[in-house]
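Working notes, structure below.
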Amino acid sequence: MSCDLIALANSGVQGLSPYQPGKPVEELERELGLVDVVKLASNENPLGPSPKALAAATAALAESHLYPDASGFALKNTLAPRLGVNPDQLTLGNGSNDVLDVIARVFLDKNSSAVFSQYAFIVYPISVQAVGARAIVTPAKEWGHDLDAMAAAIEDDTRLLFIANPNNPTGTCLDFADIRRFMAQVPERVMVVLDEAYVEFVGTGLGEDGLALLKEYPNLILTRTFSKAYGLAGLRVGYAVSHKDVANLLNRVRAPFNVTVPALAAAEAVLADADYLTRSQDVNRAGMAQLCSGLDALGVPYIPSVGNFIAIELPCAAGPIYQALLESGVIVRPVGIYDMPNHLRVSIGLEQENARFLLALKTVLNSPELKKWVQERAQ
Ligand SMILES: *Cc1c(COP(=O)(O)O)cnc(C)c1O
């Protein structure tokens, strides 16, 4: 007997398609028989992990037969004083993606709605829809969030609002004074999530601004991650900073052992490795300048970005160019799923990786096949 298993899922889940990750290096090497593939697709840290984090994670593996500390005591007590908050204001997650998902499950249900912007990080619609809540998507303004439109979009049943600052995949960043004004307009019954996954790459005091605002607004939740500037994407550690009552709620839903033994150890160790963060920031700044001047030289437009990635605009649908780059061993990220079919998102790599991407892009854009393709479309 066969039955429609898909129909058994809740209606939100039935309408979802799985998150599409960047193509893994091994997969491309296997498929095309290439070696020396460069991956600039998932905003990963090109430096590799901090040696101190790696040593701590390796040592912690000896404890692998034990459950991790479910309270994350040591990591929270290292983080809290750096952030100027109490440990009971922190909620740890298996990456901040996990935290975002927990937030959606805590505050949303099928009778409520959540607001986020066009082009915002794709995890928001997934988490909202998975719990059967309604998504209210506001139009973007110059690729960034339009805070006035977002405030105006709040309805009676709205419980959650997501702001990615900086936003992925566009790399746009809001002026903090505007966020402050925005918070004053938002009713207290709406929890505002300020997703600061890339905050360490922004050269201003953005991180401190968010933490200061948290003291004024109990309906604000900041989310941060160890995946990007701290280089631990594969170990999965992120966290929320909130009012302690909100943290209490999040901790009710969070899976008790959601951060593993080596991940907790590595996160603590990388916080003690100040040199690693500085190097991440330096490499990113230099790589961003290199990519921008390379793109300028090629005449390829891009959305100015403050993150560790940049969205470039192509003269046609990005698919064929993405494919041609793959064939030359460079993996970048198509963003058609974000409703940006003519863009590709490129993560900032090491100098030689960026150079390899620029060379591959130049070759692809100058290929007679592509020129013909573009011409045909233009007619
Ligand atoms: C990468 C990213 C995250 C989270 O990544 P995790 O690895 O799950 O911590 C969150 N928000 C945005 C906007 C991101 O780009």
(request) With unit charges on the beta carbon (Lys/Arg positive, Asp/Glu negative), name the residue among 239, 128, 269 whose Cα is farthest towards the positive pole of the charge dipole of the stretch 51-272. (result) 269
(request) Would you check the accessible area of residue 313, probe 1.4 Å, heavy atoms only, in square angstrom rounded to 10? (result) 80 Å²
(request) Work out the length of the dipole vector of the stretch 108-184 about its Cα centre, built from +1 on the beta-carbon of each Lys and Arg and -1 on the beta-carbon of each Asp and Glu, and round it to the nearest 20 debye. (result) 160 debye
(request) Could you rank 71, 242 by how accessible they are, 1.4 Å probe, largest area first? (result) 71, 242
(request) Give, in nm to one decimal, the length gained when the segment between residue 63 and residue 36 is fully stretched (0.36 nm per residue of separation minus the Cα-Cα distance). (result) 6.2 nm
(request) State whether the stretch 157-284 is rounded, prolate or oblate according to the following rule on the C-alpha gyration tensor (a ≥ b ≥ c being the square roots of its eigenvalues): a/c under 1.5 gives rounded; otherwise a/b larger than b/c gives prolate, and the remaining case gives oblate. (result) oblate
(message) Can you list residues from other chains, or at least 5 along the same chain, whose modelled amide H is less than 5 Å from the amide H of residue 309?
(response) 348
(message) Using 0.36 nm times the number of residues separating residue 88 and residue 272, minus their current alpha carbon distance, what extension gain do you get?
(response) 64.1 nm
(message) Could you tell me the calculated FRET efficiency between residue 316 and residue 189, based on Cβ-Cβ distance and R0 = 35 angstrom, to the nearest 0.05?
(response) 0.15
(request) For a quick protection proxy, order the peptides 330-339, 14-23, 262-271 by their average other-Cβ count within 10 Å, most packed first. (result) 262-271, 330-339, 14-23
(message) Suppose every Lys and Arg Cβ carries +1 and every Asp and Glu Cβ carries -1, with no other charges. What dipole size does the chain come out with about its Cα centre, to the nearest 20 debye?
(response) 120 debye
(request) Would you please give the FRET efficiency between residue 180 and residue 281, computed as 1/(1 + (r/R0)^6) with r the Cβ-Cβ distance and R0 = 30 Å, to the nearest 0.05? (result) 0.75
(message) Please enumerate, by chain and number, the lysines with C-alpha under 21 Å from the C-alpha of residue 76, excluding those fewer than 8 residues away in the same chain.
(response) 52, 215, 228, 244
(request) Once you have the Cα-Cα distance between residue 20 and residue 366, take 0.36 nm times their residue separation minus that, and quote the gain in nm to one decimal. (result) 121.7 nm
(request) Choose one of 289, 151, 97: the residue whose Cα lies farthest towards the positive end of the charge dipole of the chain (beta-carbon charges +1 Lys, Arg; -1 Asp, Glu; about the Cα centre). (result) 97
(request) Show the residues, 5+ positions off or on another chain, whose built amide H is closer than 5 Å to the amide H of residue 331. (result) 38, 39, 40
(message) So if a site counts as exposed when it's one of the trypsin sites (Lys or Arg not before Pro), its DSSP state isn't H, G, I, E or B, and it has at most 13 other Cβ atoms within 10 Å, what's the longest stretch of the chain without one?
(response) 190-379
(request) Over the stretch 51-272, average the accessible area per residue using a 1.4 Å probe and give it in Å², no decimals. (result) 40 Å²
(request) Calculate one ³J(HN,Hα) per residue across the stretch 202-214 by plugging θ = phi - 60° into the Karplus curve 6.51 cos²θ - 1.76 cosθ + 1.60, and present them in order as whole Hz with x for glycine and proline. (result) 8, x, 9, x, 4, x, 5, 4, x, 5, 5, 5, 4
(request) With a 1.4 Å probe and every protein chain kept in, tell me what percent of the accessible surface of the chain is carbon plus sulfur. (result) 55 percent
(request) Report, in deg cm²/dmol and to the nearest 500, the calculated mean residue ellipticity at 222 nm for the chain, where each DSSP H run with n ≥ 4 adds -39500 (n - 2.57) and the sum is divided by the residue count. (result) -13000 deg cm²/dmol
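The values are calculated or read from the model by the stated rules, or taken from the named source; none is laboratory data. Note that the coordinates shown come from a computational prediction; the quantities given were computed from them, not determined experimentally. FYI the Cβ positions are ideal-geometry reconstructions off the backbone, even for glycines, and counts take in every protein chain you see. Side chains are part of the model used for accessible areas, which takes the heavy atoms of the whole protein and leaves out ligands, DNA and RNA. Shrake-Rupley method; radii C 1.70, N 1.55, O 1.52, S 1.80 Å.
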